[in-house]
Amino acid sequence: MRLENKVVLLTGIGQGMGRATARLFAQEGAKTALSARGEERLKETASQIKSLGGTAIVVPGDLSEKPAVEEIVNKVVDEFGKIDILYAAAGGNFDPSRSLEDIDQSFWDSTAANTINSLYNLAQAVRPVMKQNGGGSIVTIAASFNVRQAGNASYGAAKSAVIGMSQNLAGELYADNIRVNTIAAGLFRGTIGDGRVVNAEVNLSRTGYPQDIANAALFFASDESAWITGQILTVDGGVDVGGRGLWDHER
């Protein structure tokens, strides 16, 4: 198993990419801690993991608030003794219908807080834990270029900031043997079924599926990427290189 004896804190977990990633990580032997605001969805994911023989705890909280993040990290360490991997996917407010005039201060602030502040809080909280344990891996979730362009000004700014912050952290945390890599996600409209996570269809001409991101995250989380840091992996079915249009399989 690729994550045997590893402890993973997965944050910003919803019903799609985050749920698939949590389930796949557990399949690969990780002890998982699931965090987001929505406790019921976290419990559903934890139940799915446990039904397949995995280990999961739920640690809900507002990741944009520093005291809440510190409490979450402390709970995970109290339960499992360490944190080897952080999967940071908090964000939101992808809304292509919003022009600049439609973005009021509240929308802008919530996008920045949920996306940028959450990563900032998490990085500060997990760094000393990982350092004490000899290192670790941080996997951040941004968005592909075309998705950032399609979203709206606040979404594009926040996801771009995730890329910039992640690259900066990769340099700063190098001395602590903490790797930081980013997945730039395309559009995903596919759903994941019950049971074990399996690979999606081997075909570029389709929508994205949650396991497409989960597999990429697994690589960055595992020791297979032990000599990789500061990198951005775009998982978008070829949109950013002009293979097809962003919405071709999404309507």
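Since every read-out is calculated from the coordinates, none of them should be taken as a lab result. Computed from a predicted structure; not experimentally measured. Quick reminder, even Gly has a Cβ in these numbers, built from the backbone with ideal geometry, and neighbours come from all protein chains shown.
When all alpha carbon pairs of the chain are counted in 10 Å bins from zero, the resulting P(r) reads 8, 33, 39, 18, 3 %. Amide H to amide H distances under 5 Å link ALA56 with THR32, where only residues 5 or more positions off or on other chains count and H is placed in the peptide plane. Per the Debye calculation on the range 1-120 with a single equal scatterer at every Cα and no solvent contribution, log₁₀ I(q)/I(0) for q = 0.22, 0.23 Å⁻¹ amounts to -1.20, -1.28. With a cut-off of 13 Å on the backbone N, the residues of the range 128-155 near the modelled label site 7 Å out from ILE232 along Cα-Cβ are 141-149. Positive-end ranking of PHE107, LEU9, ALA217 along the dipole of the range 7-235, with charges on Cβ about the Cα centre, is headed by ALA217. Here the range 7-235 carries DSSP beta bridges of which approximately 0% are antiparallel, counting only pairs with both residues inside.
Using θ = phi - 60° in the Karplus curve 6.51 cos²θ - 1.76 cosθ + 1.60, the 3J(HN,Hα) couplings for the range 217-222 round to 5, 4, 4, 5, 6, 7 Hz; x is entered for Gly and Pro.
Charge dipole (Cα centre; +1 on Lys/Arg Cβ, -1 on Asp/Glu Cβ; no other charges) of the range 7-235 amounts to roughly 380 debye. Only helices enter the 222 nm calculation for the chain: every DSSP H run of n ≥ 4 contributes -39,500 (n - 2.57), and dividing by all residues gives -12500 deg cm²/dmol, rounded to 500. Treating r as the C-beta distance of SER97 and THR191 and R0 as 22 Å, the FRET efficiency rounds to 0.45.
With the contact rule set at Cα under 8 Å and sequence spacing of 6 or more, what percent relative contact order holds for the range 7-235? Working shown, then result.
On the way: 457 pairs, mean separation 49.6, N = 229.
The normalised contact order for the range 7-235 reaches 22 percent.
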